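J.: Below you will find the structure I want to go over with you.
What follows is calculated from the coordinates using simple rules that are stated; it is not laboratory data. All of these numbers come straight from a predicted model, not from anything done at the bench. Glycine also receives a Cβ, built like all others from the backbone with ideal geometry; neighbour counts cover every protein chain displayed.
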């Protein structure tokens, strides 16, 4: 093998810089828009290696990431990036073998690979050749709002930064908004506040939180996630007003991005009204053959 593989739970600043540079190279070559998350702060077990890097001496030629925000038994998102000049030379296979061994060791048996629709359109035979298939779930849209989007909030509502003192009040609202992620609700709320590149904001009415949104700018732009309005206050236009106010605050220096599932039309409409447009469509792929399955002995 003409390259070496390293693995880590957390990237060093130099590794993160190398991964970001390779991401930009792959995106330009393949006309992609989605960038993987280069932190493990939301992983269920933050001791688990989550980053696998292929090196040709000191040059990064490929990497894989594991986004595992659920306990073993839940599904892990896998992203694979290989430099254009190193494809079809065993790099992706070697990265997957290293990542698969970690998944097995930490008790994970469910996983999916991220893939943009534009890639599948450009390579119509890719799924068959790679022994992969769509997982059957709706697609996810990556949306973007340009610099200078949004507008200030009015009408008795306000937006402020969330602090640790707000967690007890926000936690039940979060669990109601994302019931399938109940076990990870506290993790997301606490780790967002602790993250070096992340923060959270609340929509406030009469001194009480009725909306929440988190943001991470570790990729060089603001990325919104975990956005919700309290269940009792939905369908009143508050989501659009909240997101527009966040855009007004966050888009002053550059674009803002977020992901939303295609089968959530209410959220899609709210984001569109706030100023977002679709930038990419993302599918999740599962293995159909032996190539991407865990090695023998998986739990």
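J.: Can you give the helix-only mean residue ellipticity at 222 nm for the chain, where every DSSP H stretch with n ≥ 4 adds -39500 (n - 2.57) and the sum goes over all residues, rounded to the nearest 500 deg cm²/dmol?
T.: One gets -9000 deg cm²/dmol as the mean residue ellipticity at 222 nm.
J.: Residue 264 versus residue 171, label points 7 Å from Cα toward the beta carbon: distance in nm?
T.: Label at residue 264, label at residue 171, 2.3 nm between them.
J.: Under the rule a/c < 1.5 gives rounded, and otherwise a/b versus b/c splits prolate from oblate, where does the range 52-149 land using the Cα gyration tensor?
T.: Values: a/c = 1.34, a/b = 1.09, b/c = 1.23.
It comes out rounded by the Cα gyration axes.
J.: Now for a different question. What FRET efficiency comes out for residue 9 versus residue 219 if R0 is 30 angstrom and r is the Cβ-Cβ distance? Round to the nearest 0.05.
T.: Numbers: r = 19 Å, r/R0 = 0.64.
My answer for the efficiency is 0.95.
J.: How far is helix 185-194 tilted off the main Cα axis of the chain, in degrees rounded to 10, range 0 to 90?
T.: Its long axis makes an angle of about 90 degrees.
J.: Moving on. Where Rh denotes the Kirkwood radius from the mean inverse Cα pair distance, what is Rg over Rh for the range 235-274? Don't skip to the answer; put the middle values down first.
T.: Numbers: Rg = 10.6 Å, Rh = 10.7 Å.
Reported Rg/Rh, Kirkwood definition of Rh: 0.99.
J.: Compute the length gained on full extension between residue 206 and residue 109: take 0.36 nm times their separation in residues and subtract their Cα-Cα distance, giving the result in nm to one decimal. Don't skip to the answer; put the middle values down first.
T.: Values: separation 97, 0.36 × 97 = 34.92 nm, distance 4.62 nm.
Answer, rounded to one decimal: 30.3 nm.
J.: Using a/c under 1.5 as the rounded threshold, could you call the range 129-180 rounded, prolate or oblate? The axes a ≥ b ≥ c are square roots of the C-alpha gyration tensor eigenvalues, and prolate needs a/b larger than b/c, oblate otherwise.
T.: Values: a/c = 3.23, a/b = 1.55, b/c = 2.08.
Note, shape of the range 129-180 comes out oblate.
J.: Mind ranking 54-60, 119-125, 197-203, 43-49 by how tightly packed they are, going by the mean number of other C-beta atoms within 10 angstrom, highest first? It would help to have the intermediate numbers written out before the result.
T.: Numbers: 54-60: 15.1, 119-125: 11.7, 197-203: 20.4, 43-49: 16.9.
The most tightly packed comes first, giving 197-203, 43-49, 54-60, 119-125.
J.: When Rg is the radius of gyration of the Cα atoms in the range 16-70 and Rh is its Kirkwood radius, what does Rg/Rh come to?
T.: That ratio equals 1.00.
J.: Then there is this: Run the simple label-point estimate for residue 31 and residue 158 please: 7 Å along Cα→C-beta, distance reported in nm.
T.: Going from the residue 31 label point to the residue 158 one covers 4.8 nm.
J.: Tell me the relative contact order for the chain as a rounded percent, counting alpha carbon contacts under 8 Å between residues six or more apart.
T.: Across the chain, relative contact order equals 23 percent.
J.: A further question on this structure: In terms of the Cα gyration tensor, with a ≥ b ≥ c the square roots of its eigenvalues, is the range 1-106 rounded because a/c is under 1.5, prolate because a/b exceeds b/c, or oblate?
T.: Prolate, because a/c is 1.5 or more and a/b exceeds b/c.
J.: Another one. Between residue 253 and residue 296, what FRET efficiency follows from the Cβ-Cβ distance if R0 is 51 Å, with the result rounded to 0.05?
T.: Once the sixth-power term is evaluated, E becomes 0.50.
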